[in-house]
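Worksheet for the structure shown next.
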């Protein structure tokens, strides 16, 4: 969680853990941001990104 003032921007690095039992292949990831009290209502996300596709290998 991060707190920002109006007009302030930040970059948040993200680490996604993949369980050892996950199948190999392509996965599509989506990132959204909410004001804390609105989480996880998808209709109240304040920011959404384009999806990113990643490949899980051995």
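Hey, what did the chain get for relative contact order, percent, Cα under 8 Å, at least 6 apart?
35
Cα-based Rg of the chain per 2.2 N^0.38 Å, rounded to two decimals?
The chain yields a ratio of 1.42.
Give, in nm to one decimal, the length gained when the segment between residue 38 and residue 54 is fully stretched (0.36 nm per residue of separation minus the Cα-Cα distance).
Here the answer is 2.9 nm.
When a footprinting reagent is the concern and you count Cβ atoms within 10 Å, what order do 43, 24 take, fewest first?
Lowest count first: 43, 24.
Each reported figure results from applying straightforward, stated rules to the coordinates on display, with no laboratory input. Treat the numbers as computed from the prediction; the structure is a model and nothing was measured. Here Cβ is always computed from backbone atoms with ideal geometry, including for glycine, and neighbour counts include all displayed protein chains.
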